[in-house]
1. Does residue 283 qualify as being touching a Ser or Thr at 6+ places or on another chain (Cβ under 6 Å), polar (S, T, N, Q), surrounded by 13 or more Cβ atoms within 10 Å (Cβ to Cβ) and touching a residue at least 12 places away in the same chain (Cβ under 8 Å)?
2. Just checking, which of 203, 215 is out of contact with any strand residue (DSSP E or B) (no Cβ under 8 Å at 6 or more places or on another chain), surrounded by fewer than 23 Cβ atoms within 10 Å (Cβ to Cβ), within 23 Å of residue 437 (Cβ to Cβ) and modelled with pLDDT under 95?
3. Just the residues that are at pLDDT below 95 and in a strand (DSSP E or B), please, taken from the stretch 325-346.
4. Report, by residue number, each residue of the stretch 116-139 that is farther than 15 Å from residue 176 by Cβ and modelled with pLDDT under 80.
5. Can you tell me which condition residue 312 does not meet? The list is (1) within 19 Å of the chain's Cα centre (by Cα); (2) farther than 28 Å from residue 65 by Cα, and all the others hold.
6. Looking at residue 51, is it modelled with pLDDT under 85, part of a helix (DSSP H, G or I), more than 30 Å from residue 124 (Cβ to Cβ) and of a type in the set (A, V, I, L, M)?
7. Just checking: which of the strands (runs of 3 or more DSSP E) contained wholly in the stretch 201-304 hold 2 or more residues that are closer than 18 Å to residue 344 by Cβ and not polar (S, T, N, Q)?
8. Quick one: what pairs do we get from the stretch 437-456, first residue touching a residue at least 24 places away in the same chain (Cβ under 8 Å), second assigned to a helix (DSSP H, G or I) and among the β-branched types (Val, Ile, Thr), C-beta under 9 Å, 6+ apart or different chains?
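The values are calculated or read from the model by the stated rules, or taken from the named source; none is laboratory data. The shown structure was predicted, so the numbers you read here are calculated from the model rather than taken from an experiment. All Cβ positions, glycine included, derive from the backbone under ideal geometry; neighbour counts span all protein chains shown.
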Amino acid sequence: MPRLNMFIISLIAIASMACYHRLDRTREGLFLAEAIDVITRRGLEEIDRQALFDAAMIGMTQELDEHTQFVSREDKEPYQSGLEGHFAGIGVQMESDFDEETKAIKLLIGDTLIGRPTPAHDAGLRAGDQIVAVDGHRLATHLTEEVKEDRKKLPSNDAMNRIKGPAGTKVDITVLRDGEERTFQVTRQEIDVDTIVGEFADSERKWDFISAKDSRIGYIRIKAFNDRTVKELQAAIDTLQQQGPIQALILDLRGNPGGYLTAAVQLCDMFIDRSKLDGLIVSTRDRFGKDVQVFYAQDNKTLNGFPLVILVNGESASASEIFAACLQDHDRAVIVGSRSFGKGSVQEVIDLERGRSLLKLTTNTFWRPSNKQIHKMEGVSEEDDWGVRPDEGWDLPFDDEQEIRRKEERSARDALFVEEEATSPESQTRQQAASTVLFDPQLDKAVEYLQAELEKKSK
């Protein structure tokens with residue numbers, strides 16, 4: 001057979017194999033489209049094709065890990081706004097609490113969020129209020145015990161989607177407080193969420209970053225990691241340095257759910273150099289154990305020369321664990337509090353439907369500079385290496401009652417602000433707020449450690 005004919009036959013065979021494999025990869029998609037078509041044409045009840053597609057995507061993602069999520073067209077904008085830390089709302093954060101007695105999910109208002117007047121605070125809402133309705137729409141809070149750990153089925157997304165809306169519009173929030181339902185009308189505003197906060201703030205949104213327990217110690221809370229966190233932390237550091245060289249510092253990451261990997265890497269780079277572990281910050285690995293990305297510190301100006309404590313607890317996750325683990329492995333910080341959450345997986349946000357919806361898909365895991373995995377894989381025990389443990393002697397776990405008390409007292413202080421003409425009984429001066437003793441043994445431990453270090457230095 002002539003060579004030309006053999007060459008043509010080979011090309012046809014290769015093309016046929018490629019077409020076969022492509023068909024094999026897409027046949028499930030064809031079957032899904034066929035199922036949607038059959039349901040919409042022959043089903044007893046009329047249903048929108050988009051609703052079926054969304055339901056199919058939700059069903060598929062629920063077969064994967066808890067952090068994989070389908071973001072529908074309707075939820076895309078609020079989802080992206082939340083990541084960016086800028087949205088039109090009322091200025092509250094939500095918390096979900098499972099009530100063992102009633103077998104119900106209670107949706108609570110958590111932080112007053114930003115330690116300054118917010119639309120919610122001005123209208124009368126307070127941390128701890130249980131939201132039961134938004135604009136008269138009763139929330140589906142009574143769910144079965146089986147969904148207690150399934151965050152996707154909690155009603156917070158439904159509530160937040162109804163609360164958010166165009167700036168200047170009004171929303172009615174009905175809450176349960178002291179056994180009675182009360183309705184507050186709140187006017188939505190553009191909200192910029194501070195990711196870096198201090199002990200308390202004044203009415204001009206200026207945070208005080210000096211510890212109320214010891215004026216030699218700086219105190220900074222990192223609430224999340226987004227595209228503004230690095231700039232805000234640097235501004236807080238600059239504020240402290242304007243008052244003289246930093247002697248000691250506490251970085252409070254308790255309750256920090258994480259956020260952007262790039263923000264965590266840049267924050268690590270502010271505190272470590274290449275003197276240890278080649279400056280390794282974190283690496284990501286695929287399911288085969290192969291490095292996908294590796295991040296190192298740069299030889300930039302490093303914040304050192306003073307003792308540093310990082311506070312973590314079981315609600316510190318993702319980027320906050322990367323940051324804490326890195327500084328712990330580099331011996332740059334002492335970790336105080338309780339063991340972190342163990343959320344060390346990487347989610348890629350992938351456009352679907354030509355960008356109209358999103359798929360947040362888990363693809364890799366995070367690994368510490370010490371070559372230990374951060375993610376708590378299924379089936380691991382408490383003795384296994386995952387997450388971030390406090391340093392020896394500085395582990396102080398809270399029970400539920402203690403943690404609730406700590407949050408409530410901190411939220412109450414955050415709600416205090418200075419007014420030019422203090423007419424509200426809740427308004428106090430900074431000095432009065434600073435004199436308020438908060439229940440926080442973990443923070444007391446951090447101060448205790450730093451005071452001992454400062455004493456050593458002075459000798």
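1. Criteria not met by residue 283.
2. Of 203, 215, the one residue that is out of contact with any strand residue (DSSP E or B) (no Cβ under 8 Å at 6 or more places or on another chain), surrounded by fewer than 23 Cβ atoms within 10 Å (Cβ to Cβ), within 23 Å of residue 437 (Cβ to Cβ) and modelled with pLDDT under 95 is 215.
3. Correct list: 345, 346.
4. Once the filter is applied, which keeps residues that are farther than 15 Å from residue 176 by Cβ and modelled with pLDDT under 80, the stretch 116-139 yields 116, 117, 118, 121.
5. Here residue 312 meets the rest and fails (2).
6. The answer is no for residue 51.
7. Filter on the stretch 201-304 gives 280-285, 291-296.
8. No pair meets every condition.
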